[in-house]
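Heads up, the thing below is written out as C-alpha cells.
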Amino acid sequence: MLKYTKILCAFDFDGNSTAALLLASALAKENNATLHILHIARVPTQDMDVPLPFDAEPRWEKDARAKLAQIAKDTTTAGVQYVIDVRTGVPDIDIVRVARELAVDLIVIATHGRTGFKHFALGSVAERVVREAPCPVLVTRATFPASVPVSRSP
C-alpha cells in the first residue's frame, strides 16, 4: 500500500478544485500527511497588452492567500496539517516545479472535463501536469468527492 507524507493539491478557486481539496484532505488525514494547497495566479504580462498598476501582483497574492486560507479552514478535514502557498506563473509548469521543489508524494488536481474544441483550444492543465509530474497524480472531477467520507471531528 502506498503511503503519502506530502500531498500537493492544486487549487484554482472553482467547484472542481474544492472537490479535489476535499479528496486531498481525506487522503492526508488517512495517511497522516501534510497537505500543501497551491494556487498559481496567472498574472497579466506586458505581452498581453494589459496595463498593470505597480502594486497589482502583491495585492492579488494577498487577496488570493486570504481567500485560500478561508477555504482551507472551511474545507480541510479536522486534524489535517496544511500549508497554503500562492504563487504567480503558468499553472501546469509551476505545479510541477513546486511538486519537485517540495518532493511531494502525490499531486491531487481537478479537471474541468472539457472535450472537443474547448479542450483543443484551452488545453488541460491537469493533462500537462500528469505528463510532467515527478510523482503520481490523482485527477478528479467535482462529482467524485461527494462520496468521500470527510470527518470533521478531531
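I'm checking my understanding of the structure. Among residues of region 104-154 that are among the small types (Gly, Ala, Ser) and more than 24 Å from Thr75 (Cα to Cα), which one is modelled with the highest pLDDT?
The initial filter retains those residues of region 104-154 that are among the small types (Gly, Ala, Ser), namely 110, 113, 116, 121, 123-124, 126, 133, 142, 146-147, 151, 153.
Right, trim to more than 24 Å from Thr75 (Cα to Cα) and you get 116, 121, 123-124, 133.
Numbers: Gly116: 50, Ala121: 39, Gly123: 51, Ser124: 81, Ala133: 93.
Residue satisfying both the conditions and the ranking: Ala133.
In region 58-75, which residues are modelled with pLDDT of 90 or more and among the polar types (S, T, N, Q)? Don't jump to the end; show me each part of the working.
Filtering region 58-75 for residues modelled with pLDDT of 90 or more gives 66-74.
Residue satisfying the conditions is Gln70 alone.
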All positions within region 65-92 that are part of a helix (DSSP H, G or I) and either of a type in the set (Lys, Arg) or surrounded by 15 or more Cβ atoms within 10 Å (Cβ to Cβ) (or both): Arg65, Lys67, Leu68, Ile71, Ala72, Lys73, Thr75, Pro91, Asp92
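The values are calculated or read from the model by the stated rules, or taken from the named source; none is laboratory data. Because the structure is a prediction, the values reported are computed rather than measured. Here the Cβ is made from the backbone with ideal geometry for all residues, glycine too, and neighbour counts use every protein chain on show.
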